[in-house]
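Below you will find the structure I want to go over with you.
The values are calculated or read from the model by the stated rules, or taken from the named source; none is laboratory data. Keep in mind that what you see is a predicted model, and the values were worked out from it rather than measured. Cβ: placed from backbone, ideal geometry, glycine included. Neighbour counts: every protein chain shown. In case anyone asks, the SASA skips ligands and DNA or RNA and just uses the protein heavy atoms, side chains included. Shrake-Rupley method; radii C 1.70, N 1.55, O 1.52, S 1.80 Å.
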Amino acid sequence: MKNRKVVCALLALFTMVSASFAVEVDEEEIKSISADEVVFENYMGPHSVINTIEEIRAIGSGIGEVVAKNADKAGTFGYAPKYSVIHAVDAEESGKLDADILVLGPNAAVDHIKNLRRIISAYLTAAYGYSNADADTVATFVTVYNAVYRGNLDMFQKKYKKVVTDNLTKDKVGIALSYRDWPGKTQLVIPLYDINGGLSTVDTSVISDKEVIESMKEDDDKGIEERKGMVDLKEREADNAAERAAEAQKKADEERKKAEEARKAAEEARLKEEKAKAEAEAAKKAAEEAAKKAAEEPKNEQAQQEAREATARADEKQLEAAQAQAEAEQAEQVAEQQEQAAEETQKQADTAQNTAEQKRTEAQEERTNIAKDQQEVIQKQEKNESAPNVYGLAAKDLTGQMSSIVRMNGNDGTLIKESPVTVIRSRTMYEDGNNFIAIAGEMAGNGTVKLVQLDKENMEIVKESNETIYENSVLVQEGGSYYCIIQDGLNCNVGKFDGQLNNQLKSPVNVRPNTPITVTEAGIIVTSITGNPILLNKTDLTQISSKSRYDSMADQVIGTLDAK
């Protein structure tokens, strides 16, 4: 996989730099190396505050409910310091996409892509009526799409309306791969095809383009389940579009028939107009001749009468001609409007039909690709299942402070699976039955550090200690017991835990947080708060040797500070 090549390249780079001289590492350049592969870095360690799934989804649904009431007009909704949506729509501009922009403010606490997707999914359900399953599928693709095109402002400007791009900035558009870069640095774009389009509200073709699919195929499972969900959604989109096309075509045929009738009526009106004009012209000539005769014979009463009658007939025929002309013009206007209506309805039918064909084609092609990828996944699983599995730790940063557990094929050394928990500390883990014991977490945001138990199958945290552990504490195993440093306020003490992470003992004496822990037959050697080595009794973790005057004074000072 590409990520292994990247890791090797970075390690080689770090080795060369360390051997020669220190340089500043361009983090953005490092990230761009694997820009074609979307692997989100999530915080999978312990949390100081745990939100329920319902509480997380409520963030999205709360904003979505407001947007649903204002779907036809642009606006910003939500709470800007944490989570908000810019509903960027403009009916006046055509040819490009509207969008919803989910903005993660500087105080946003989301630190796992699953929870971000839950927010997006709940938003789509509340704002546009998506089912939970379809919203989950769309949310997954939206996040990958935004990761693939992170920072690519040119692409967004080409595809999206001005009302959208006016709200985007190059350094924030899309989403970073690491959760550490989400708060205050994320403008997640959700392309809108039709705000009243039901399943087609979000443009699924855009969020599942070739680049997005290729990045999803880099996952161990090749994103098969999510891709299946998108295929299913597109097939239903195709069915809906086909129904709309059939209805629109039927209406277009009716409109065309009406247009033909209107055109026929307009032609008849024009003939009537021409006839009326001809009669008016003849009557006019007759009136002129009668008037001439009457002028020549002023005393001829009959000629005078005929002239008056001829003039009246000419006026009448002129009026009839004018009325016929008005009727013809109105009939022509009706015919043009009807023809335009028929043309517009036909365009709707053609568009719906093209959409149906496009969605069906995309779905069929992706089904074929999924079937092929499934075979590769199965073959890989069979290969790994027949080989011995070995476990170890892999560094997750250049300093080596953070690690993750990896499972590798013992025959050929290929990576089988890597733990999603990337915050294992002290570069230490111990096997304990069907689990591993390690210190994990980070003291940032909503995170904390605990002694944790990880299962061997998924290598995920299944249990945490109640006590907070000093973030740089060592972890030492003796038999079935584990020793590390408990942090309680300003005090740090040696803690003894069993394999179920129950705290069995806590040293009464305070120690330095970064103290080594050496377990001997005689006792446990650690460094006191004053910097002096001391020996602790293994049965109760009390100090074996008598305290020095300096240790007593230091403990009193620490106790006083802690009380304050």
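Scan around S426 for amide H atoms under 5 Å from its own, H built in the peptide plane at 1.01 Å from N, and keep only partners 5 or more places away or cross-chain.
So S426 has HN proximity to no qualifying residue.
Can you list which of the trypsin sites (Lys or Arg not before Pro) found in the stretch 106-209 are DSSP loop residues with at most 13 other C-beta atoms within 10 Å?
The qualifying sites are K170.
Further, regarding this structure: Give the cross-link partners of K396 among the lysines, using a straight C-alpha distance below 20 Å as the criterion and excluding same-chain residues fewer than 8 apart.
Answer for K396, where 20 Å is the Cα cut-off: K2, K5, K31, K417, K450, K456, listed by chain and number.
Calculate the FRET efficiency for L415 and D209 from the Cβ-Cβ distance with a Förster distance of 35 Å, rounded to the nearest 0.05.
Calculated transfer efficiency: 0.80.
Would you count, across the stretch 38-151, every pair of lysines whose alpha carbons are under 27 angstrom apart, provided the pair is eight or more residues apart or spans two chains?
5
Relative contact order for the chain: what percent, with Cα pairs under 8 Å and sequence separation of 6 or more?
The normalised contact order for the chain reaches 10 percent.
Here's a follow-up. Just the number please: accessible area per residue for the stretch 283-381, 1.4 Å probe, all protein chains included, in Å².
Averaged over the residues of the stretch 283-381, the accessible area is 68 Å².
Next question, about the same structure. Can you give the angle from 0 to 90° between the axis of helix 301-385 and the longest principal axis of the chain, with both taken from C-alpha atoms, to the nearest 10?
Taking the Cα atoms of the chain, the angle to 301-385 is about 20 degrees.
To the nearest 10 degrees, how steep is helix 549-563 against the longest Cα principal axis of the chain, on a 0 to 90 scale?
The helix 549-563 is inclined about 30 degrees to the chain.
Between K73 and K158, what is the label-to-label distance in nm when each label sits 7 Å out along the Cα-to-Cβ direction?
Between K73 and K158, the simple spin-label model gives 3.5 nm.
Loop only by DSSP, 16 or fewer other Cβ within 10 Å of the Cβ. Give me the GluC sites (Glu not before Pro) in the stretch 62-165 that pass, ordered by residue number.
E92, E93
Hey, what angle do you get for helix 224-296 against the long axis of the chain, alpha-carbon based, 0 to 90 degrees rounded to 10?
20
Any idea which of N458, N446, G433 is furthest toward the positive side of the dipole for the stretch 432-535, if Lys and Arg beta-carbons carry +1 and Asp and Glu beta-carbons -1?
Final value for the positive-end residue is N446.
Going by Cα centres, the stretch 367-443 and the stretch 144-211 are how many Å apart?
For the stretch 367-443 versus the stretch 144-211, the Cα centre distance is 31 Å.
For the stretch 135-235, what is the charge dipole size about the Cα centre, in debye to the nearest 20, if Lys and Arg each add +1 at the Cβ and Asp and Glu each add -1 at the Cβ?
I would put it at about 500 debye.
So between A246 and S545, what do we pick up on full extension, going 0.36 nm a residue minus the alpha carbon distance?
Length gained, A246 through S545: 98.5 nm.
Separate question: At a probe size of 1.4 Å, how large is the accessible area of E344, to the nearest 10 Å²?
Only protein atoms counted, so the area is about 80 Å².
What's the extension gain from D239 to E457 if we count 0.36 nm per residue and subtract their Cα-Cα distance?
Here the answer is 74.4 nm.
Run the helix sum for the chain: -39,500 (n - 2.57) per DSSP H stretch of 4+ residues, divided by residue count, reported at 222 nm to the nearest 500 deg cm²/dmol.
Counting only the DSSP helices, I get -17000 deg cm²/dmol.
Let me know the shape class of the chain, please: from the alpha-carbon gyration tensor, a ≥ b ≥ c as square roots of the eigenvalues, rounded when a/c is under 1.5, otherwise prolate if a/b is greater than b/c, or oblate.
prolate
While we're on this one: Expected output is a single nm value to one decimal: the length gained when fully extending between K347 and T527, i.e. 0.36 nm times separation in residues minus the C-alpha distance. What is it?
Length gained, K347 through T527: 56.7 nm.
So which lysines pass the test for K251, namely a Cα distance under 26 Å, with those fewer than 8 places away in the same chain ruled out?
Partners within reach: K234, K264, K347, K359.
Could I ask something else about it? In terms of modelled amide H atoms, which long-range or inter-chain residues lie less than 5 Å from the amide H of S178?
So S178 has HN proximity to E41.
Per residue, how large is the accessible surface of the stretch 130-209? Use a 1.4 angstrom probe and give square angstrom.
34
Taking amide H positions as placed in the peptide plane 1.01 Å from N, state which residues far from E442 in sequence (5 or more) or on other chains have amide H under 5 Å from it.
Amide H neighbours of E442, under 5 Å, 5+ apart: T448.
Also: Over the chain, with every protein chain in place, what whole percent of the accessible area is carbon and sulfur at 1.4 Å, could you tell me?
50
Excluding residues on the same chain fewer than 8 positions from K292, give the aspartates and glutamates whose Cα lies under 18 Å from its Cα.
Cross-link targets: E281, E301, E306, E309, D315.
Next question, about the same structure. Quick one: order L451, L97 from most to least accessible surface, probe 1.4 Å.
L97, L451
I need the GluC sites (Glu not before Pro) found in the stretch 423-530, filtered to DSSP loop residues with at most 15 other beta carbons within 10 Å of theirs.
For GluC sites (Glu not before Pro) across the stretch 423-530 that sit outside H, G, I, E and B with at most 15 neighbouring Cβ atoms in 10 Å, the list reads E457, E460, E521.
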